1. Quick check for you: with a 1.4 Å probe and neighbouring chains kept, what is the accessible area per residue of the range 321-375, in Å²?
2. Strictly over 24 Å apart at the Cα level, which of 133/201; 132/339; 67/339 would you flag in this model?
3. Keeping all protein chains in place and using 1.4 angstrom, which order do 43, 175 fall into by accessible surface area, from largest down?
4. Could you please report the charge total around residue 6, scoring K, R as +1 and D, E as -1 over all other residues with beta-carbon less than 13 angstrom from its beta-carbon?
5. Based solely on its DSSP helices, what 222 nm [θ] is calculated for the chain when runs of n ≥ 4 H residues each add -39,500 (n - 2.57) and the sum is averaged over all residues, nearest 500 deg cm²/dmol?
6. Leaving ligands, DNA and RNA out of it, work out the accessible area of residue 57 with a 1.4 Å probe and give it in Å² to the nearest 10.
7. So for the range 4-84, what percent of the C-alpha to C-alpha distances run longer than 16 Å?
8. May I have the extent of the alpha carbons of the range 52-208 along their three principal axes, as whole Å values ordered from largest to smallest?
Amino acid sequence: MKKHSFVICFANFFIASLMGLLLRWMYVSPIEGINFQFLMHGHSHVAMLGWVYMMLYCLIIYNFVPKEVQQKRIYNRLFWITEVAVIGMMLDFPAQGYAFISILFSTVHIFCSYYFARMIWREAKPTTFPEKKMLRTALLFMVFSTFGVWCLGPTVGLLGKSSAFYQICIQYFLHFQFNGWFLFAVLALFFKQIKLKIDEKKFRLFYNLFVIATVMTLALPVSWFFTNPVFYWINVVAVVIQLLAAILFIKNTRSQLQVFFGTLTSVEKIVYGFALFSLVLKIGIQLVVLVPELAQISHQIRDFVIGYIHLTMLGIITGFLFGFALQNKFLDIQNVFHKWGVMIVLIGFITTEILLFLQGFYFYYDMGLLPYYYLSLFIGSVPLAMGLLIITSNLQSQVKYTLKVVAKSPH
């Protein structure tokens with residue numbers, strides 16, 4: 001993939017961070033004429049589909065599609081069609097929320113993702129069995145997740161937006177996007193980076209447990225809307241299975257991970273370590289909600305919900321994506337702007353996560369609001385946008401410089 005494609009991905013992420021910063025400021029001082037809910041829809045769509053999806057698009061093609069096949073024009077054309085859909089959502093969601101134009105662009109994005117999945121299924125050439133298995137499963141989860149979106153229209157017509165089934169359709173989409181498509185895709189890429197070698201039977205056991213757990217943990221968000229205890233117990237079994245999968249993974253890859261980390265620079269070690277720690281923390285949090293009271297509270301306290309979503313989105317997924325960008329030289333580890341840009345983003349993330357979960361515990365113990373909480377959360381979010389601005393602007397200047405050099409060189 002061309003470097004300008006990665007500039008677009010980081011630019012999308014920067015814009016999503018600005019939307020997030022504005023959302024945080026609106027808690028400090030509401031702004032007349034801006035609809036908070038609409039802006040939140042724009043923020044989440046650009047972050048998920050403009051940053052994570054587009055980065056996975058570029059990295060999957062770069063790592064798994066043969067170099068000669070990558071040159072096909074369709075990959076570049078599909079990238080730009082998908083980006084137009086992202087820009088459409090970026091502009092229309094904050095203005096109108098779910099309306100004809102935003103839904104139209106969302107639909108275009110979904111059909112682009114289907115075509116992407118079809119091309120990768122046919123043309124990707126993963127070098128190992130684990131890479132192939134994880135990549136194809138990620139693509140299946142991506143398609144699988146969109147069924148929730150297609151159910152929204154009929155649900156609104158038949159039951160209305162206030163119905164439990166409408167909320168479950170949304171949770172279904174988000175669950176299989178985050179825990180299916182995104183997570184399996186970054187693990188496929190991670191296995192590629194560490195050159196994972198593992199006995200096929202051992203890998204199949206880990207893989208089967210992981211897939212089963214991913215499907216069954218959907219029971220937790222379903223239990224928020226249906227009080228039947230069967231959903232709680234399905235989630236209990238799923239979380240235990242997920243823990244077993246994690247233990248198997250660590251046991252079978254520990255020595256390879258040690259070798260892999262030994263080859264990394266200090267910044268790469270921090271970024272990958274950060275992503276893996278966030279993954280362990282996510283699994284730990286899912287174990288905590290096995291307590292029935294905490295399972296319900298986790299949904300009711302908004303700060304816990306946002307903290308958990310950001311832990312997955314920024315801690316795990318973005319942590320891995322930063323690692324891949326550094327290792328594949330799309331971000332230059334020797335470049336002081338890239339190095340400090342990444343570190344500033346991590347500082348912003350850690351600060352806001354501490355504030356979100358601390359406030360969640362304050363609410364849980366009926367201790368009220370942290371002093372200057374919303375202002376602190378806004379200030380803590382500033383480094384996220386600052387770090388991304390540094391990275392994006394420097395990437396853009398590098399691309400411009402490269403184009404000038406190419407233009408001046410004799411043909």
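1. 51 Å²
2. Beyond 24 Å between Cα atoms: 132/339; 67/339.
3. From most exposed to least exposed: 43, 175.
4. Overall, the nearby charge balance is +1.
5. Result for the chain: -27000 deg cm²/dmol, rounded to the nearest 500.
6. Approximately 0 Å² for this residue.
7. The answer is 57 percent, as a whole percent.
8. Cα extents, longest axis first: 50, 38, 22 Å.
The values are calculated or read from the model by the stated rules, or taken from the named source; none is laboratory data. None of these values were measured; they are calculated from a predicted model. Reconstructed Cβ throughout: ideal geometry from the backbone, glycine too, with neighbour counts over all protein chains shown. What goes into the accessible areas is simple: the full protein's heavy atoms, side chains included, and nothing from ligands, DNA or RNA. Shrake-Rupley method; radii C 1.70, N 1.55, O 1.52, S 1.80 Å.
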